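Shown next, in structure tokens, is the structure this report addresses.
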Amino acid sequence: MLPAFEYRSPLSVEEALELLAKYREDVKVLAGGHSLIPAMKQGEVCPKVLLDLRRMAGLSAIDPFEDGGLRIGALVTHRDLEISELARGRSPLLAEVASQVGDAQVRNFGTLVGSVCQADPASDYPAALLALEAQVVVASPRGERSVPVEGFIQGAFETALEPDELVLAIDVPRSWARTAAYVRVRHVASGFALAGVAAQILVEDGRIASARIGVTGVAERAFRLAVIEEQLLGREPLPGAFAEMIRGVALGREILSDGAASAEYRSHLADVCTARALRKAISRIGV
Amino acid sequence: MKYPVAVSVNGRAYRREVEARTLLVDFLRDHLGLFGTHVGCETSQCGACLVTLDGLTLKACTRLAVQADGAQVTTLEGLLVDGNLHPVQSALLKECALTCGFCASGVVLAAKECLERKPVAGEDEVRRSLEGVFCRCTGYQPIVDAVRSLAAAPVRDLRDGATAEL
């Protein structure tokens, strides 16, 4: 049985922030619970107070911005993103990743925001959120701030969130048509990514005008392939044309190594997934 | 400290007081005496504790009873109507798709959700839908065959005998 704790389910952001300010490190925030409850069972976290967001209004919505972007509330589940017409239309890359997270039950109840706050290095989302240049919307007694996902996730299970701060949503800017793809190699048992790459390219007049590539599962935190993004500019988007530049994309980083995959193997998978994600994104030009 | 929980399980309303740390699966078994929901790995992997909560399958070891306050829960017991098996259960029986039966609670509910979402699910879709439930006896093929045997069945037939939440 779990150690005892106090359970609170505030109705408003103000009430939630008061509880966070009062209990600070002793409180854990509960959304879908599909990272937190397993972690509590393993004894990895032992909160004195559990702050459940489920009664708070407005956090379950996927809201459109006028410029084409999306605000994804802290209680929006993977399943919501997978089936939402709005999310599929405006951010097909994110919906594609959501449809691959965990198993059916995880997707039914786990949340995007919860996953990002957990900051598991093998999580699928960060690759896409980096490629999409998404922002984390954080509330605290000092007001609201937006933090790029790239800076929010600071390491394995580490984020830039202060003890009195609460994540309200993730903002995803307007997507570039459908020329994006996520490709990963899964751990056979856990389903987590040994390597996962999300690529988004913009093609104008038959040339690559912009590219963003995010890699997850390979290092302690997800990273962008800035050098390759640069090299792709001005090139013709031909399938398989970039093999020569995709060699050792993860080199120079501290690559994860464990029983499931050595650093050498993960590095190889990063290259493979990068090539496949680019090829798949390119195959969607004009679709 | 105890917290009030009001929950509808298989169409029947229950009110209980529980500790915050009580898991939904333990609440169903130990507080309500519904033993159709099994306790397997307790680490959100095996799926033996599957129930539906507000119409979505859930591993009941991965939710606190207090989080289910106000919810509608269906357990394996809730699929029986007048003692008749749900079509998914009948299909599993027909294909000899369960051996020891420990995973049945999960397999039945996962398969039912799969067919509700994709009435003509192909083999890949069926296998994907069953990723969250482990069977250590059958090797899955008879389970997949049983679900596929229903994949062409009219949706209406699947709903017959099913619970009000459909």
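The values are calculated or read from the model by the stated rules, or taken from the named source; none is laboratory data. All values reported here derive from a predicted model rather than from experimental measurement. A quick note on method: Cβ atoms are made from the backbone with ideal geometry, for glycine too, and the neighbour counts reach across all protein chains shown.
Listed here are the residues, each with its yes/no results for (1) assigned to a loop (DSSP other than H, G, I, E, B); (2) at positive phi; (3) in contact with a Phe, Trp or Tyr (Cβ under 8 Å, 6 or more places away or on another chain).
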| site | (1), (2), (3) |
| --- | --- |
| A:213 | no, no, no |
| A:228 | no, no, yes |
| A:248 | yes, yes, no |
| A:257 | yes, no, no |
| A:269 | no, no, no |
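Okay, residues lined up against (1) at positive phi; (2) touching a Gly at 6+ places or on another chain (Cβ under 7 Å); (3) buried (at least 17 other Cβ atoms within 10 Å of the Cβ):
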| residue | (1), (2), (3) |
| --- | --- |
| A:57 | no, no, no |
| A:84 | no, no, yes |
| A:108 | no, no, yes |
| A:120 | no, no, yes |
| A:126 | no, yes, yes |
| A:135 | no, no, yes |
| A:153 | no, no, yes |
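Taken over the stretch A:48-68, the criterion of being in contact with a strand residue (DSSP E or B) (Cβ under 9 Å, 6 or more places away or on another chain) and modelled with pLDDT under 95 is satisfied by A:58 alone. Cβ-Cβ contacts under 6 Å between residues 6 or more apart (or on different chains), taken from a first residue in the stretch B:111-129 that is within 11 Å of chain A (Cβ to nearest Cβ) to a second residue that is crowded, with 16+ Cβ neighbours inside 10 Å and among the polar types (S, T, N, Q), are listed as B:113/B:57; B:114/B:129.
Return a yes/no flag: does the stretch B:132-155 have any residue that is farther than 16 Å from residue B:109 by Cβ, touching a Ser or Thr at 6+ places or on another chain (Cβ under 7 Å) and either in a loop (DSSP other than H, G, I, E, B) or modelled with pLDDT of 55 or more (or both). Yes; the residues of the stretch B:132-155 include at least one that is farther than 16 Å from residue B:109 by Cβ, touching a Ser or Thr at 6+ places or on another chain (Cβ under 7 Å) and either in a loop (DSSP other than H, G, I, E, B) or modelled with pLDDT of 55 or more (or both).
Here the condition is being away from chain B (no Cβ under 11 Å) and either among the polar types (S, T, N, Q) or within 19 Å of the chain's Cα centre (by Cα) (or both); of A:19, A:30, A:93, it holds for A:93 alone.
Restricting attention to the stretch B:71-102, which residues are within 12 Å of residue B:50 (Cα to Cα) and within 14 Å of chain A (Cβ to nearest Cβ)? Result: B:73, B:74. Just one of A:146, A:175, A:140 is surrounded by fewer than 24 Cβ atoms within 10 Å (Cβ to Cβ) and free of Cβ contacts under 8 Å to residues at least 60 places away in the same chain; which is it? Residue meeting the stated conditions: A:146.
Here is the figure for the stretch B:42-64: residues that are in contact (Cβ under 8 Å) with a residue 60 or more places away in the chain, at the interface with chain A (Cβ under 10 Å from one of its Cβ atoms) and not hydroxyl-bearing (Ser, Thr, Tyr) total 6.
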